[in-house]
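Visitor: This is the structure I have questions about; it appears just below.
The values are calculated or read from the model by the stated rules, or taken from the named source; none is laboratory data. What you see is a predicted model, and the numbers here were worked out from it, not measured in a lab. Cβ placement follows ideal geometry from the backbone for every residue including glycine, while neighbour counts extend to all protein chains displayed.
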Amino acid sequence: MKNARAFKQLGAALVVGASLFLDGCAIPATRTETAMAPNQQLAGVDALLAADSLAATLVTTPAVAAPAPVPLVLPTAPEQWFQPAGRNGGTEGPARFLAAIALHDNPPLYVSEQWGRTTGGEQSDHHVSRSDSWAADLAVRGIQAPTPATELAARRVAAALGVPDWGGGELTRTIDGYRFQVLWKVAGHFNHVHVGVRKLN
């Protein structure tokens, strides 16, 4: 009886192990940065953001094997991913999607501010008074100058908006009635990349 129970437990462990192994092999990556699925839903963005925020914890926990990294497919045009979703007229989803691709496998970058600010001008996409916009600032804690992480973030966001090899400044694009604004290496934006989305009309 004890042997039968032990064999059942061993068999179950082998099935789970094989499943985890095969799941990791199911999506081969042909390059390190390879396509976020079109029409990304907020749940998927949350998972991507959560995975990046937990990466440091997983690395410092020797008893737990970290899951295989999710291959990143960088969009090269808005039509590959853009879909209004979330709060404030559908601006939350696109802003958070762009933040997620900027943060993916790009430590120590983090989202330093989003929508909901109660100070500063009401014209800001961050301001709590705005019900038509969302914004995310991408930064490295304690650093007040451009870094490789913020530079990579800016280039990824610009590429997703259809502007490859963008080097900084003010990037503004209107896509299907939504205004996207990226600020990087301009006054007040040397220590973070600003990504703002506003619904027009």
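Visitor: Residue pairs, Cβ under 8 Å, 6 or more apart or interchain, first in segment 125-148 and touching a residue at least 12 places away in the same chain (Cβ under 8 Å), second among the aromatic types (Phe, Trp, Tyr) and surrounded by fewer than 20 Cβ atoms within 10 Å (Cβ to Cβ). List them.
Guide: Cβ pairs passing all conditions: 138/110; 139/110; 140/110; 141/110; 144/190; 145/190; 146/190.
Visitor: Still on this model: Against the condition farther than 20 Å from residue 77 by Cβ, touching a strand residue (DSSP E or B) at 6+ places or on another chain (Cβ under 7 Å) and touching a residue at least 12 places away in the same chain (Cβ under 8 Å), how does residue 186 come out, does it pass?
Guide: Taking the combined requirement at face value, the residue satisfies it.
Visitor: For segment 101-134, which positions are in a strand (DSSP E or B), farther than 22 Å from residue 168 by Cβ and among the acidic types (Asp, Glu)?
Guide: none
Visitor: Let me ask something else. Picking from 90, 177, which residue would you name as being buried (at least 17 other Cβ atoms within 10 Å of the Cβ), at positive phi and either modelled with pLDDT of 95 or more or not charged (D, E, K, R) (or both)?
Guide: Matching residue, one of 90, 177: 90.
Visitor: Still on this structure, I have one more. Going by the conditions given, is residue 140 at pLDDT 95 or above and within 22 Å of residue 201 (Cα to Cα)?
Guide: no
Visitor: Can you name every residue in segment 42-87 that is modelled with pLDDT of 95 or more, surrounded by fewer than 17 Cβ atoms within 10 Å (Cβ to Cβ) and over 17 Å from residue 174 (Cα atoms)?
Guide: 87
Visitor: For the subset of segment 149-182 comprising residues that are of a type in the set (D, E, K, R) and touching a residue at least 60 places away in the same chain (Cβ under 8 Å), which member is nearest to residue 79 (Cα to Cα)? If you could, list the steps in order and put the result at the bottom.
Guide: The first filter runs over segment 149-182 and keeps only residues of a type in the set (D, E, K, R), leaving 151, 155-156, 165, 170, 173, 176, 179.
Then keep just the ones that are touching a residue at least 60 places away in the same chain (Cβ under 8 Å); that gives 156, 173, 176.
Numbers: 156: 15, 173: 13, 176: 10 Å.
Only one residue fits best here, namely 176.
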